[in-house]
Amino acid sequence: MKQRPVLYICRPRTLERPYKALEHLNGAHSLRSDMAACTLRRFLKFSRITQMQHRTISVYTETHGFHEDALKKKLSQFSGGSVDLSLDDSGIGVLTLNNPSRMNAFTGTMMVELLDRVKELEDWKDGKGLIVRGAGNTFCSGSDLKAVKAISSSHEGMKMCMYMQNTLTRLSRLPLISVALVQGKALGGGAELSTACDFRLMTPESEIRFVHKHMGLVPGWGGAARLVHIIGGRCSLQLLSSAHKVNPEQALGMGLIDAILSSGDRPLDETHKWLSQFTEGPVEVIQAIKKVVVSGREQQLEAALRTEKDIFGTVWGGPSNLQALSQGTKHK
């Protein structure tokens, strides 16, 4: 299995100087008091940042003419399949598209359930990572044609587009490090779903294919915009305009995926192990890392710097930081 090298960034030594005074604290009581005070400050800052993020977490709101509840009612008419979520004590969740008889295509109810599952993950305080996969040997083949044919007008199509853009944007903004496990085919909307994850892994013989052109369409769930960020405009134009199949070797070469899994019969376990290298550590630190990356990816520089400062304040002087300092943690 090929993997890209992991870059570990350590805090400069100069930043450790303000904590030298910790070595002279008079007893464990003082340390516990300081930690309690720091934890309270962190909680207040974290709550403020979380509230701010929830206010801006979706792309479209009622000010854009988007009414989520009304559209959920419309989508719920097209039943079939499910979106299942399991949460592990390790802090890694597994989100499974379960509609194997239709190659895990999204029905209307599955679109509704996906948003519900994402909302659950937004409130998962112990979460650090997420694996997105399809049941059986297929990732996802996009939208179920029954729902597509029923939502055939331009107006209704754009409403569905707004709904799925909101959902996949919220998925990408989760404070969890996410990876798409692509087995079999990831077609159309399935390919778009994979781009909403931080990483993508493929099993041998699998494929990713942006087939929108053959349907007389362009990506509508945010897949084109995210694809440009992942592999650049030139490669994105090639994939979208050709609608060619992308095999694992090609995808790895262009940077669309991060690794090719072995030919073993336990890809979920292998993906879990691969993701664990990034989720080791305290929950608050892993979530903070994801949040600063999201702010740097989506905000203008000055706004991203201010957000990074606020998030930094939630972990600076926190229990994990103080514990590392008290143990004299060194980096080799």
Filter 273/330; 185/213; 125/330; 119/273; 125/291 down to the pairs with a C-alpha to C-alpha distance above 19 Å, please. 273/330; 125/330; 119/273
Candidate aspartates and glutamates - alpha carbon under 17 Å from residue 290, same-chain residues fewer than 8 apart omitted: 122, 123, 126, 198, 280, 298, 308, 310
Residue by residue, what Karplus-based ³J(HN,Hα) values in Hz, rounded to whole numbers, does the range 312-325 have, using 6.51, -1.76 and 1.60 with θ = phi - 60° and x for Gly and Pro? 4, x, 7, 10, 5, x, x, x, 5, 5, 5, 5, 4, 5
Taking the Cα centre of the range 81-167 as origin, work out the dipole magnitude from +1 charges on Lys and Arg Cβ and -1 charges on Asp and Glu Cβ, in debye rounded to 20. 400 debye
Accessible area, probe 1.4 Å, largest first, for residues 257, 230, 151: 230, 151, 257
Determine one quarter of the surface area of the Cα convex hull of the range 197-299, which equals its mean projected area, and express it in nm² to one decimal. 7.9 nm²
Given 25 °C and 0.890 mPa s, compute D for the range 103-168 with the Stokes-Einstein relation, Rh being the Kirkwood radius over Cα pairs; round to the nearest whole µm²/s. 184 µm²/s
Inverse of <1/r> over all distinct C-alpha pairs of the range 57-123, i.e. the Kirkwood Rh in Å, gives 13.2 Å
Please give the Cα centre distance for the range 264-332 versus the range 165-244, rounded to the nearest Å. 25 Å
Which order do you get for 274, 316 if you rank them by accessible area with a 1.4 Å probe, largest at the top? 316, 274
Cα-based convex hull, the range 227-276, per residue volume (Å³, whole number): 88 Å³
How big is the accessible area of residue 285 in square angstrom, nearest 10, if you roll a 1.4 angstrom probe over the protein chains? 50 Å²
Can you sort 226, 266, 209 by solvent-accessible area, 1.4 Å probe, largest first? 266, 209, 226
Quick calc, residue 149 & residue 213: beta-carbon distance into FRET formula, R0 22 Å, rounding 0.05, result 0.70
Need one number: the % of Cα-Cα pairs in the range 268-332 sitting beyond the 16 Å mark. 59 percent
Please give the length that would be gained between residue 69 and residue 330 if that part of the chain were fully extended, namely 0.36 nm times their separation in residues minus their C-alpha to C-alpha distance (nm, one decimal). 88.8 nm
Report the FRET efficiency, 1/(1 + (r/R0)^6), for residue 230 and residue 276, where r is their Cβ-Cβ distance and R0 is 22 Å, rounded to 0.05. 0.45
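The values are calculated or read from the model by the stated rules, or taken from the named source; none is laboratory data. In this text the structure is predicted, and so the values were computed from the model without any measurement. For neighbour counting, all protein chains shown are included, and Cβ atoms are generated from backbone atoms with ideal geometry for every residue, glycine included. We work out accessible area using only protein heavy atoms, side chains counted, and drop any ligands, DNA or RNA first. Shrake-Rupley method; radii C 1.70, N 1.55, O 1.52, S 1.80 Å.
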